[in-house]
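No value in this document is a laboratory result; all are computed from the given coordinates. The structure presented is a predicted model; accordingly, all values stated were derived computationally and were not measured. In this analysis, Cβ positions are derived from the backbone assuming ideal geometry, glycine residues included, and neighbour counts consider all displayed protein chains.
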Ligand code: B16
Ligand code: MG
């Protein structure tokens, strides 16, 4: 039986992908690297360090670890500053409604994000009230597609993976959910999250009614 839900943050609760894009783009322009939305899409769900490596690969460049860390920190400063503009108006359509509904029905809810800035994003959105457990980029060392962040959430909720549904917008995130033995809901196009147990184009369609209808044998 499903007793809990684990939500990714960026791309599921709020759309920070564009803010990440702008910050990586500013750094790339400064460094003379090519960077566009197609490359940005490959960064969904993966850590900051892995992200800069993807950008460097795309540019057939490599850097020593110290320079790489310094440049990733520079990008992060730009990104964190851009979060100041975020408010509770910046939930993705449907996200706050679903979180509210889960609270009303008494489900356990955890965050399972790769971001080390999740705390600030939740604060800007005023979203802490919807989560029993916060799992973020500081909680585990192995990032998605390893299942560790979702296993962390389930363990803290005192649930088994098969008692939880994971919501994810990233290919690596659905892979992580599957690797951990969780049910998964993908948010986004088929070519990105079509391997999820259930998929919606956007969070606006992802109502509790639709989720229950799909996983009907798993709800009492
Ligand atoms: P930060 P999620 C992920 O968050 C983003 O999708 C990904 O693009 C980003 O690189 C990663 O967080 C790390 O973020 O630089 O803030 O630590 O989708 O897992 O909530
Ligand atoms: Mg995401």
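The set of residues from region 25-50 being within 15 Å of ligand 2 (Cβ to nearest atom) and farther than 22 Å from residue 102 by Cβ comprises 40, 41, 42, 43, 44, 46, 47, 48, 50. Flag not set for residue 142, criterion: more than 16 Å from ligand 2 (Cβ to nearest atom), in a helix (DSSP H, G or I) and surrounded by fewer than 24 Cβ atoms within 10 Å (Cβ to Cβ).
Scanning region 51-75 for residues that are away from ligand 2 (no atom under 16 Å from the Cβ), closer than 17 Å to residue 138 by Cα and surrounded by 16 or more Cβ atoms within 10 Å (Cβ to Cβ) gives a single hit, 72. For region 95-116, a residue qualifies if it is assigned to a loop (DSSP other than H, G, I, E, B) and out of contact with any strand residue (DSSP E or B) (no Cβ under 9 Å at 6 or more places or on another chain), and the qualifying residues are 105, 106, 116. Of 59, 40, 90, 76, all but one fail to be within 15 Å of residue 22 (Cβ to Cβ) and more than 11 Å from ligand 1 (Cβ to nearest atom); the exception is 90. If you go through region 168-203 and keep only what is part of a helix (DSSP H, G or I) and within 11 Å of ligand 2 (Cβ to nearest atom), you end up with 171, 172, 173, 174, 176, 192, 193.
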